[in-house]
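A short reminder: the numbers here are calculations on the coordinates, not readings from a lab. Computed from a prediction, not measured in an experiment: that's the story for all the values here. For neighbour counting, all protein chains shown are included, and Cβ atoms are generated from backbone atoms with ideal geometry for every residue, glycine included.
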């Protein structure tokens, strides 16, 4: 039987942790024990360099939750005039600034210097946090980069929300702001406000690429010039700056020991935090006992079924880390949110539309040397010059009218280095003589320069691994007009005059899609930019309005060049290999990227359409639209007689309904049955239904609940003819139905069905005709 642990056992660990944090536990001028206080004795009293009390450390044995010792330790701290309390059982620890909020879990103890600095900050405040912030006016106007700037209303709203959260004792916050709305400047405004009010004195700003660190430092150097900013490149930690900017990977190597202690920073800001809250990076963030602010341009997707399971966990974990996950509704509730649709409506972002075109090869694949090239292989393992030529000529034709007005800066999102090289060559080659001469005149360059530099590749391999000069050319010079990028310009790249985005890189990630889309959303009055256009040749935009995706067996057969085709599936997020990587085959064969030469494999555009992005945006953006609707109805409940009658359960006359529908369908929101049905995914909902739900008088079934209910009803209808073996396969099928994707016969040849006999077994159990009929019926359920 294990002996019961004692407080002395816990103290052994506590002593060790204090020493690791730099405390000399044998020096009574730093650490004294059993200090008489209130009705007892404080286990430890930590002192500053002048031996004044800093913190009471209350020790408990392993089996006791140290949080339960709060009041006892606070009484000791008040008696000894120590501003802080630390609670620990040697394994779990809490830090408590008892005048500002509740005790919070920490991963370790602060150093003497950090604790003393925090005590000094409090001395310089004018009252408590609320009083100190109330005395500091919001920055309505300020100088920035040589101009007088007026703060935008949503930026001031963000500052107020952050202040309120801090006053309420919240230590973790999440700001979701669309690309182009000034996230970095907004956080700089917040940092300055909190530095001025002595809420904080040291800041860590985390990014995932060093280029983004440099961009952030430029903003901080300008707006926060009184607080030095340094970039941490690695090696020894920098003690020169009150604001440290660095990558997560670099900071992760600088923790503990001679590196950054748990209390070194008072504020930790994580940029693009959706990409950071995982694995070791989550532990890196958790190391710091600080106010944590997450920044992201990615919306909390309105329809979570668009997200893969990996991304679902990533999003959920982000909201959990920043204490804003609503477990009941299974969605994040950020501290502040300003999405792309709201930005467009308010006139701070550029509106956009989508030109969607499908080539046969792109969506149907092909056969090459008697083997199948699946649609997802294009650009990754294999490429057809005919396919890219068809797509580029479609783009040139679709953009011809706009191009005559002025040349448009364009980003092309490519899959791989090899595909990008082909694209650049074809863009320059396919530019018509007429366009070449016209552009030369428009930008005052020779036709020869235009022909050779119209498009350029920007990847991590560009210019011998130094792409910055080419990026600067694209940004500041007339040429190139087209930048073909592979994972370089899709996040954190700020160029206001981008007017065209060409999507050749498929993605199933709404996070990735939102990042790519954001490259075009900034305003640029200098060139008269009124909109940007997404030329989508891989179905990304449609994917986030309709999750159903078809797969067709290849219908085109090309001439064999004597090389093996790619054997691959569809591109999944984050599954784009490095250019040097070949493809490994089941039989052990190996080959490099395959380029199918022009003239070998014909392609053509099978469909084209303009997708007008409605006021509710794409499905991934609908959350904001739904929230605006609910807010509007609650507001009308107080002011609109018709809505008041609905709330009381009274019927409206026809003319009352017509008048109410007109009032709701204003140019600002376009609240009507059609858009509400799409936004709420309720294909049969009426205006009455949507109003009643917004007022809390009723509720809709979720999409998953509707699908499950329909599936169960379908099974019940057929229950008399279903035997146990069929029931087992239907249970497997239910999981697939719940994803909302179209059911095809091909599905039964894949796991988990293939593990139980696959398509052959399904046809044996149900009969071939009945199985086809069953698939049609289930797809009809999904479409309803």
Inset, instruction - Find how much the distance from residue 320 to residue 735 grows on full extension, using 0.36 nm per residue of separation minus their present alpha carbon separation; answer in nm with one decimal. - result: 146.8 nm
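Taking 0.36 nm per residue of sequence separation and subtracting the Cα-Cα distance, how much length would be gained by fully extending the chain between residue 128 and residue 600, in nm to one decimal?
Numbers: separation 472, 0.36 × 472 = 169.92 nm, distance 7.48 nm.
The residue 128-residue 600 span can extend by a further 162.4 nm.
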Inset, instruction - Tell me the label-point distance for the pair residue 209, residue 430, using the 7 Å Cα-to-Cβ offset, in nm and rounded to one decimal. - result: 2.6 nm
Inset, instruction - Restricting to the chain, compute how many DSSP beta bridges are antiparallel as a %, nearest 5. - result: 35 percent
Inset, instruction - Would you mind getting me the FRET efficiency between residue 638 and residue 697? Use the beta-carbon distance for r and R0 = 25 Å, nearest 0.05. - result: 0.95
Inset, instruction - Write down the Kirkwood hydrodynamic radius of the chain, to one decimal in angstroms, obtained as one divided by the mean of 1/r over all alpha carbon pairs. - result: 30.2 Å
Inset, instruction - May I ask for the angle, rounded to the nearest 10°, between helix 210-223 and the longest principal axis of the chain, with both axes built from Cα atoms and the value confined to 0 to 90°? - result: 60 degrees
Inset, instruction - Could you compute the FRET efficiency for residue 725 and residue 674, with r as their C-beta to C-beta distance and R0 at 45 Å, rounded to 0.05? - result: 0.50
Legend entry - Degrees separating the helix 70-80 axis from the principal Cα axis of the chain, which is the longest one: 50 degrees
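At a Förster distance of 56 Å, what's the computed FRET efficiency of residue 655 paired with residue 34, Cβ-Cβ distance as r, to 0.05?
Efficiency, from the Cβ-Cβ distance: 0.10.
Could you rank the peptides 176-182, 136-142, 46-52, 105-111 by their average count of other C-beta atoms within 10 Å per residue, with the highest value first? Kindly include the intermediate steps, with their values, before the conclusion.
Values: 176-182: 23.9, 136-142: 12.7, 46-52: 15.7, 105-111: 19.9.
The packing order, highest mean first, is 176-182, 105-111, 46-52, 136-142.
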Inset, instruction - Measure nothing but the geometry: give the 0 to 90° angle between the long axis through the Cα atoms of 622-639 and the longest principal axis through the Cα atoms of the chain, rounded to 10°. - result: 70 degrees
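Subtracting the Cα-Cα distance from 0.36 nm times the residue separation, let me have the gained length for residue 102 to residue 7 in nm, one decimal. Display every interim value, and only then the final one.
Working: separation 95, 0.36 × 95 = 34.20 nm, distance 2.40 nm.
Result for the pair: 31.8 nm of gain on full extension.
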Legend entry - Estimated distance in nm for a label pair at residue 50 and residue 770, the labels positioned 7 Å out from Cα along Cα-to-Cβ: 8.9 nm
Inset, instruction - Give me the distance between the Cα centres of the range 165-203 and the range 56-100, rounded to whole Å. - result: 28 Å
Inset, instruction - Can you pull the one-decimal nm distance between simple spin-label points at residue 523 and residue 627, each 7 Å off the Cα toward Cβ? - result: 2.2 nm
Legend entry - Estimated [θ] at 222 nm from DSSP helical runs (n ≥ 4, -39500 (n - 2.57)) normalised by residues in the chain, nearest 500: -11500 deg cm²/dmol
